[in-house]
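All remarks here apply to the structure that follows.
Every read-out reported here was derived from the displayed coordinates using simple, explicitly stated rules and does not represent laboratory data. No experiment lies behind these values; they were computed from the predicted model shown. As a convention, Cβ positions derive from the backbone with ideal geometry for all residues, glycine included, and neighbour counts pool all protein chains shown.
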């Protein structure tokens, strides 16, 4: 199944991802605290991107297209955020559950960045989580 991403994204070692993730999540929570809970995902996404660039991240991209094809099937998905090769899917609580939160859970529309698997070398796509090994899939 060919997977094509318009940006080359290198595979991160677990310690590299953890360091970036710590910084990204700190800014995600600061973004949520400053903007509040009523914004759409796109607003949080833009603010988080600006914060990361201001802090010194070199490459921060949003809504990066990834096309997956198989036989006659072809679909383009969009990665919400790539911050120095770390991939994130940004979701508000409402988008995650489709309903109002219960007591003690995230407030409605709270930003919940979800770390995503990283893309490996431009020639392959592999889901990578610390401690998890998965086969590579050729990119075309």
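Summed over the range 24-41, the residues that are over 13 Å from residue 82 (Cα atoms) and either crowded, with 16+ Cβ neighbours inside 10 Å or touching a strand residue (DSSP E or B) at 6+ places or on another chain (Cβ under 6 Å) (or both) give a count of 7. Note on the range 42-77: among residues that are over 30 Å from residue 1 (Cα atoms) and in contact with a strand residue (DSSP E or B) (Cβ under 8 Å, 6 or more places away or on another chain), the one that is surrounded by the most Cβ atoms within 10 Å (Cβ to Cβ) is 48.
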